[in-house]
Amino acid sequence: MSDARLIGSDIPLAERYDLALVDLDGVAYKGHEPIAGASAGLAGARAAGMRLVFVTNNASREPESVAEQLTGLDIPAQAGDVMTAAQACAQLLGTRLAPGSKVLVVGGAGMHTAVREAGFTIVESADDRPDAVAQGFAPELGWAQLAEAAYAVAGGAWFVASNLDLSLPTARGFAPGNGALVGTVTAATGIRPDSAGKPASTMYELAVERLGASNPLVVGDRLDTDLAGARSGGYAGLHVLTGVSTGRDDVLADPGFRPHYIAADLGELLVPHPTPTPVADGWWQVRESAARVVDRRLELHGVEGRDRGVDLIRAACAAAWEAVDSGHGLDVDSVPDLPVDN
């Protein structure tokens with residue numbers, strides 16, 4: 001049976017963990033808009049002694065730009081508080097390439113700066129016979145840059161991507177992410193890149209090493225990147241329901257994607273988290289909410305809404321994960337949307 005279960009904390013998470021590795025889009029903000037509870041939650045976490053590093057798969061921007069945006073949203077930050085996938089990508093390049101090696105960069109200012117600061121020579125054409133192609137997201141990317149990447153990769157250059165996120169949350173909805181653009185090069189060459197970003201735990205490890213943390217907590221909105229990276233790196237993970245993945249996604253998550261904690265938003269860094277408890281007749285209870293699986297179908301008892309809705313999701317996860325991990329299975333159609341008002 002899997003040990004990938006929800007856990008609880010009898011003290012606020014900001015007091016239990018010494019460092020929060022906080023995702024940006026869908027967690028601290030959405031597009032250029034603030035997310036309710038983010039500023040107050042992070043300020044309260046800092047006041048409780050928790051340090052923060054903002055860890056993002058976005059490789060298009062430089063840390064200074066990210067810090068400036070956060071500060072403008074009432075989340076004070078400096079460049080040293082930001083860890084980008086571009087920085088992780090540059091470090092990955094260094095595992096195989098000597099300083100001065102030629103790298104064709106397909107991406108924005110953040111990727112160019114990270115690769116240059118890592119000691120590599122940036123080139124703009126496949127005709128320069130680059131040793132590697134480093135691809136990260138930038139909204140201005142077009143066919144010409146993707147074509148150069150394809151020519152270089154087909155010619156033998158090592159293909160490295162900052163991340164493989166298929167979608168990117170914006171204020172207007174979800175737009176194609178770096179993974180979708182990387183897929184264009186893969187479709188043309190048949191070659192899949194190595195990836196430095198989440199769900200690889202590289203960025204988390206760099207941030208933990210930078211801060212000298214002993215007990216970090218990953219905070220994210222995507223199960224397939226943020227929380228999968230937490231599980232693969234051996235870190236505790238908090239899923240906040242303000243972005244891509246939903247409560248229903250939590251219930252149906254494979255063990256490698258499951259969070260350790262679930263919260264409506266970052267404000268729940270400042271409160272204890274209840275532990276789901278098995279009770280009579282197969283029910284799993286979280287305060288006033290409960291769930292069980294009978295004949296592969298999920299049954300729920302509780303009140304939906306913001307606070308109690310999260311408890312219902314927690315109970316549903318406990319019941320569903322126990323049923324799946326014990327081999328009894330779960331009927332996907334029996335799992336409702338489980339919305340939470342943010």
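The values are calculated or read from the model by the stated rules, or taken from the named source; none is laboratory data. For clarity, every value in this text was computed on a predicted model and none was experimentally measured. In this analysis, Cβ positions are derived from the backbone assuming ideal geometry, glycine residues included, and neighbour counts consider all displayed protein chains. What goes into the accessible areas is simple: the full protein's heavy atoms, side chains included, and nothing from ligands, DNA or RNA. Shrake-Rupley method; radii C 1.70, N 1.55, O 1.52, S 1.80 Å.
When the test is whether a residue is among the basic types (Lys, Arg) and either open to solvent by less than 50 Å² (accessible area, probe 1.4 Å) or in contact with a Leu (Cβ under 6 Å, 6 or more places away or on another chain) (or both), Arg51 passes it.
Could you tell me whether Ala28 is of a type in the set (Gly, Ala, Ser) and either over 11 Å from Leu269 (Cβ atoms) or under 18 Å from the mean Cα position of the chain (by Cα) (or both)? Before the answer, list the steps.
Details: of a type in the set (Gly, Ala, Ser): yes; either over 11 Å from Leu269 (Cβ atoms) or under 18 Å from the mean Cα position of the chain (by Cα) (or both): yes.
In short, yes.
Just to be sure, is Ala180 without any contact (Cβ under 8 Å) to a residue 24 or more places away in the chain and in contact with a Ser or Thr (Cβ under 8 Å, 6 or more places away or on another chain)? Yes.
Scanning the range 240-284 for residues that are of a type in the set (A, V, I, L, M, F, W, C) and closer than 21 Å to Leu168 by Cβ yields a total of 5. Here is a check on your reading of the model: is Ser232 of a type outside the set (Val, Ile, Thr), surrounded by fewer than 19 Cβ atoms within 10 Å (Cβ to Cβ) and under 21 Å from the mean Cα position of the chain (by Cα)? Yes.
Here Tyr204 fulfils each of the conditions (1) over 18 Å from Gln87 (Cα atoms); (2) hydroxyl-bearing (Ser, Thr, Tyr); (3) modelled with pLDDT of 90 or more apart from (1).
Quick check on the range 2-9. Is at least one of its residues touching a residue at least 24 places away in the same chain (Cβ under 8 Å), charged (D, E, K, R) and buried (at least 21 other Cβ atoms within 10 Å of the Cβ)? No - not one qualifying residue is present in the range 2-9. Picking from residues in the range 161-208 that are touching a helix residue (DSSP H, G or I) at 6+ places or on another chain (Cβ under 6 Å) and aliphatic (A, V, I, L, M), the one that is most open to solvent (accessible area, probe 1.4 Å) is Leu166.
The residue pairs whose first member lies in the range 50-77 and is more than 22 Å from Glu117 (Cα to Cα), whose second member is among the β-branched types (Val, Ile, Thr) and open to solvent by less than 30 Å² (accessible area, probe 1.4 Å), and whose beta carbons are closer than 9 Å, counting only pairs six or more residues apart or on different chains, are Leu52/Val22; Leu52/Ile75; Gln69/Ile75; Leu70/Val82; Leu73/Ile35. Would you confirm, using the coordinates I've provided, whether Val219 is within 8 Å of the chain's Cα centre (by Cα), among the β-branched types (Val, Ile, Thr), modelled with pLDDT of 95 or more and open to solvent by less than 10 Å² (accessible area, probe 1.4 Å)? So Val219 passes the test.
The residue of the range 82-140 that is surrounded by the most Cβ atoms within 10 Å (Cβ to Cβ), among those that are among the hydroxyl-bearing types (Ser, Thr, Tyr) and farther than 21 Å from Gly156 by Cβ, is Thr84. Among the residues of the range 49-74, the ones that are modelled with pLDDT under 95, part of a loop (DSSP other than H, G, I, E, B) and of a type outside the set (A, V, I, L, M, F, W, C) come to 5 in all.
The numbered conditions (1) in a loop (DSSP other than H, G, I, E, B); (2) at pLDDT below 95 are all true for Ala77 except (2). On inspection, Val340 does not qualify as within 30 Å of Arg46 (Cα to Cα), in contact with a Ser or Thr (Cβ under 8 Å, 6 or more places away or on another chain) and either surrounded by 16 or more Cβ atoms within 10 Å (Cβ to Cβ) or among the aromatic types (Phe, Trp, Tyr) (or both).
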